[in-house]
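What follows is one structure encoded as structure tokens, with my remarks underneath.
The values are calculated or read from the model by the stated rules, or taken from the named source; none is laboratory data. On a predicted model such as this, the values are computed, not experimentally measured, just so you know. Cβ placement follows ideal geometry from the backbone for every residue including glycine, while neighbour counts extend to all protein chains displayed.
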Amino acid sequence: MSLQPLADAYARVRSAGNFELPAMAPARLAVEPRTIDDAAGGWAALAALGPLAGWLQFQSHICCFADGTLPEPQSDWGVLLAAEACDTAGRSYQVRQDGDGGLLLVTATPGTADGPGTRHCLTDEVRHLATARAPGPLRYRRYWARDPDMGLVPVFAAFEGFDRTEVR
């Protein structure tokens, strides 16, 4: 199903208005969730993916990295609770608690071909202000899918790294 006609209509509204809207474009996204039994396994799985940039939340510590080197967890940080990261191939990773003592590692891969778990979406890019711990504002690509009852609904926000410029 092509979302191009909707993207074209959005572009017309965007250009006609006296307000700022982010540009949107059709895209495909494959999302692959993976359950991990414990925090140590979640850390190992994330580290094995070789992320370039991201943020990590432990029980007693929050940190960011932007140079491809994950910080080595310290014993007083506690266990990994959540994380978002990205790699050089454009994949985004999310780590969240699964509510049953384990973690959920979600890999989101943008692409052009249909395959298992692929959704047809419209995308836009947003930036969020960050704390002083981050090297700059956080960049996300939001994915929106068509819902027959609600119109366009957000289905995923993929972390894309840190912006080195200021957000207006």
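Here are the numbers:
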{"quantity": "Criterion (among the basic types (Lys, Arg), over 16 Å from VAL31 (Cβ atoms) and either surrounded by fewer than 18 Cβ atoms within 10 Å (Cβ to Cβ) or in contact with a Cys (Cβ under 6 Å, 6 or more places away or on another chain) (or both)) met by exactly one of ARG164, ARG119", "calculated": "ARG164"}
{"quantity": "Qualifying positions in the stretch 71-106 - surrounded by 15 or more Cβ atoms within 10 Å (Cβ to Cβ) and among the small types (Gly, Ala, Ser)", "calculated": "ALA82, ALA83, ALA85, SER92, GLY102"}
{"quantity": "Hits in the stretch 57-93 (condition: under 18 Å from ARG142 (Cα atoms) and in a strand (DSSP E or B))", "calculated": "ALA83, GLU84, ALA85, CYS86, SER92, TYR93"}
{"quantity": "Subset of the stretch 94-106 [of a type in the set (D, E, K, R), part of a loop (DSSP other than H, G, I, E, B) and in contact (Cβ under 8 Å) with a residue 12 or more places away in the chain]", "calculated": "ASP98"}
{"quantity": "Pick from the stretch 8-38, criterion of a type in the set (Val, Ile, Thr) and under 27 Å from LEU49 (Cβ atoms), ranking: surrounded by the fewest Cβ atoms within 10 Å (Cβ to Cβ)", "calculated": "THR35"}
{"quantity": "Residue selected from the stretch 1-20 under the condition closer than 30 Å to THR118 by Cβ and aliphatic (A, V, I, L, M), by the criterion modelled with the lowest pLDDT", "calculated": "MET1"}
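So that you can scan it fast, the table gives a plain yes or no per residue for (1) free of Cβ contacts under 8 Å to residues at least 60 places away in the same chain; (2) of a type in the set (A, V, I, L, M); (3) in a strand (DSSP E or B):
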position	(1), (2), (3)
ALA108	no, yes, yes
ALA113	no, yes, no
PRO116	no, no, no
THR123	no, no, yes
ARG133	no, no, no
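Residue by residue, here is whether (1) at pLDDT below 95; (2) of a type in the set (S, T, N, Q); (3) within 14 Å of LEU56 (Cα to Cα) holds:
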residue	(1), (2), (3)
GLU84	no, no, yes
THR88	yes, yes, no
GLY99	yes, no, no
ARG119	yes, no, no
